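Nothing in this text is a laboratory measurement; each read-out follows from the coordinates by a stated rule. These numbers come from a predicted model, not from an experiment. A quick note on method: Cβ atoms are made from the backbone with ideal geometry, for glycine too, and the neighbour counts reach across all protein chains shown.
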Amino acid sequence: SNFSVGYFVGSLAKASINRRLAKALVRLAPDSLEMREIPFGSLPLYSYDYDADYPPVAREFKAAIAAVDAVLFVTPEYNRSIPGGLKNAIDWASRPWGQNSFTRKPSGIIGTSPGKIGTAVGQQHLKSILSFCNSPMMNAIEAYIQFTPDLISEDGEVSDASTRDFLTNYMQEFSDFIGRVYTALPRSA
Ligand code: FNR
C-alpha cells in the first residue's frame, strides 16, 4: 500500500448502518490504501484538565492518528450535526494545544442515513470542525448515501451495483487526493 488510512465510525451503535458502510469501503478500497479503524468509544469525556497528563487511552488514540497518513470519517448525522461521541474524540485529538493530531492530516468525510439528504448537514458541521483543525479535506467528490434496507449487509457487501461503483470510485478519488496532498506537502513539513 502507498498510504495508511485510519477510519472513524461516528456511531457507537451495535447495529450501526455507518459501520456497515465502513466495512463496504474497506472492501472496495484500492490496493494503494491500507485501511484500519481508529476506535474512540472508550475515551472519557474530554476536559482541558487532562491536558497536562493525558490518560493512556487518550495517548493511544493520538498515537493511532499519528501513525496513519490520512483519516476517513464514516459518520451518521445526529440532530443535524455529528454524534457527540465523535466530537468528543476530535476534541481529544485536537489537544493539548500545539499537539493537534489533525494538522496537515488529509481527511475525507462520508456517511449514510435513512433520510433523503443522507447526512449532508452533519457533514457540513464536520467540515467546519476539520477546517479549524487544519486538516486538508477532500472537497469533491461528496458522498451522501441514503440507506435503504439491505443496501449493505452486516459484513459490508453492497447489494446495488451503482452504489458499489460509486463507493469504489470514492475510495479511488480519496487515494488520489491523499497522493496530491503529499506531493504538494512533504510528510515531514
Ligand atoms: C438520528 N437520525 C437522524 N438522521 C438524519 O438523517 N438526520 C438527523 O439529524 C438525525 N438525527 C438523529 C439523532 C439521533 C440521536 C439518532 C439516534 C438518530 C437517524 C439516523 O440517521 C439513524 O438512526 C441511523 O441509523 C444512524 O446511523 P448509525 O448510528 O446506525 O450508523
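Checked against (1) in a loop (DSSP other than H, G, I, E, B); (2) closer than 27 Å to SER159 by Cα; (3) in contact with a Leu (Cβ under 9 Å, 6 or more places away or on another chain), VAL5 passes all but condition (1). Among the residues making up segment 131-180, those that are more than 22 Å from LYS23 (Cα to Cα), in a helix (DSSP H, G or I) and out of contact with any strand residue (DSSP E or B) (no Cβ under 8 Å at 6 or more places or on another chain) are PHE132, ARG180.
Looking at this structure, is SER47 under 22 Å from ASN100 (Cα atoms), away from the ligand (no atom under 16 Å from the Cβ) and not aliphatic (A, V, I, L, M)? Spelling it out, SER47 is indeed under 22 Å from ASN100 (Cα atoms), away from the ligand (no atom under 16 Å from the Cβ) and not aliphatic (A, V, I, L, M).
The set of residues in segment 119-129 that are crowded, with 20+ Cβ neighbours inside 10 Å and either touching a Lys or Arg at 6+ places or on another chain (Cβ under 8 Å) or on the phi < 0 side of the Ramachandran plot (or both) comprises GLY122, GLN123, LEU126. The set of residues in segment 62-79 that are assigned to a loop (DSSP other than H, G, I, E, B), within 16 Å of the ligand (Cβ to nearest atom) and touching a residue at least 24 places away in the same chain (Cβ under 8 Å) comprises THR75, PRO76, GLU77. Here is a check on your reading of the model: is SER131 closer than 23 Å to ARG80 by Cα, more than 16 Å from the ligand (Cβ to nearest atom) and without any contact (Cβ under 8 Å) to a residue 12 or more places away in the chain? When the stated conditions are applied, SER131 passes them.
In segment 1-44, of all residues being of a type in the set (S, T, N, Q) and surrounded by fewer than 20 Cβ atoms within 10 Å (Cβ to Cβ), the one that is nearest to the ligand (Cβ to nearest atom) corresponds to SER16. Of the candidates TRP92, TRP97, the single residue that is buried (at least 20 other Cβ atoms within 10 Å of the Cβ), more than 15 Å from the ligand (Cβ to nearest atom), over 27 Å from GLN172 (Cβ atoms) and among the aromatic types (Phe, Trp, Tyr) is TRP92. The set of residues in segment 100-109 being buried (at least 19 other Cβ atoms within 10 Å of the Cβ), in contact (Cβ under 8 Å) with a residue 40 or more places away in the chain and either farther than 14 Å from TYR144 by Cα or within 12 Å of the ligand (Cβ to nearest atom) (or both) consists of LYS105, PRO106.
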